[in-house]
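So that we are looking at the same thing, I have put the structure below in structure tokens.
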Amino acid sequence: MVRKLAIDKKLIFDGPETELGKMQILLDNVDVDIHEPIRFVDFGDNTFEGLRDKLNPEDFFGIAKDGAFQPDEGFLHLYKGSEDMRLYYIRKHNVVIVFAYGEFQPTRYRLYFEGAWEITGER
């Protein structure tokens, strides 16, 4: 079972990709104790589609529904978030945090906080 903690989508980075690699993300607006900063390397390899294998189907689709994440119409059915950017996630303890990330213009990248969910039951 999942419980929404935060779904206030927020732009947290807009600039060159090299700067994103140096950035530390602090999520002070999430109703959970996540004191350690998050870096792009912590979630850059974790596509949202991969989360399906880590959660039970009800929890995965609950997060997708709460976040209004829809798969694209391509053959890979990649989930998209803000500005039609690909979704990524990080799991910190029992919390799943979802980000949207992508190239907005040539050499200009954006990163959005898409939401956070607490996993109250395990697979």
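From the list I34, I63, I12, I97, which residue is closer than 16 Å to E114 by Cβ, assigned to a loop (DSSP other than H, G, I, E, B) and of a type in the set (V, I, T)?
Of I34, I63, I12, I97, the one residue that is closer than 16 Å to E114 by Cβ, assigned to a loop (DSSP other than H, G, I, E, B) and of a type in the set (V, I, T) is I34.
Looking only at residues that are surrounded by fewer than 18 Cβ atoms within 10 Å (Cβ to Cβ) and of a type in the set (G, A, S) in the stretch 95-123, which one is farthest from P37 (Cα to Cα)?
G121
Enumerate the pairs (first residue in the stretch 35-48 and touching a residue at least 24 places away in the same chain (Cβ under 8 Å); second residue anywhere and part of a helix (DSSP H, G or I) and surrounded by 14 or more Cβ atoms within 10 Å (Cβ to Cβ)) with beta-carbon separation below 7 Å, excluding pairs fewer than 6 apart on the same chain, so at least 6 apart or on different chains.
Going by the 7 Å Cβ cut-off, the qualifying pairs are F40/L20.
Give the stretch 66-84 a look and list any residue that's without any contact (Cβ under 8 Å) to a residue 60 or more places away in the chain, not basic (K, R) and not in a loop (DSSP other than H, G, I, E, B), or say none.
Q70, P71, Y79, E83, D84
Then there's this: Would you please list the contacts, defined by Cβ atoms under 9 Å and residues six or more apart or on different chains, that run from a residue in the stretch 85-105 that is of a type in the set (S, T, N, Q) to a residue that is at pLDDT below 95 and in a strand (DSSP E or B)?
If the second residue must be at pLDDT below 95 and in a strand (DSSP E or B), the pairs left are N94/E118; N94/I119.
Is there a residue being assigned to a strand (DSSP E or B), acidic (D, E) and touching a residue at least 12 places away in the same chain (Cβ under 8 Å) anywhere in the stretch 110-117?
Looking through the stretch 110-117, at least one residue is assigned to a strand (DSSP E or B), acidic (D, E) and touching a residue at least 12 places away in the same chain (Cβ under 8 Å).
Looking at the stretch 37-55, which of the residues that are open to solvent by 40 Å² or more (accessible area, probe 1.4 Å) and in a loop (DSSP other than H, G, I, E, B) is farthest from R86 (Cα to Cα)?
Out of the qualifying residues, it is P37.
Restricting attention to the stretch 15-24, which residues are open to solvent by less than 50 Å² (accessible area, probe 1.4 Å) and in a loop (DSSP other than H, G, I, E, B)?
Residues satisfying the conditions are G21, M23.
Counting only residues that are farther than 18 Å from E36 by Cβ and part of a strand (DSSP E or B), which one in the stretch 85-94 is least open to solvent (accessible area, probe 1.4 Å)?
L87
The values are calculated or read from the model by the stated rules, or taken from the named source; none is laboratory data. All values derive from a computational prediction rather than experimental measurement. Note: ideal-geometry Cβ built from the backbone for every residue, glycine included; neighbour counts use all protein chains shown. When the accessible area is computed, the model is the full protein with side chains, heavy atoms only, and any ligands, DNA or RNA have been set aside. Shrake-Rupley method; radii C 1.70, N 1.55, O 1.52, S 1.80 Å.
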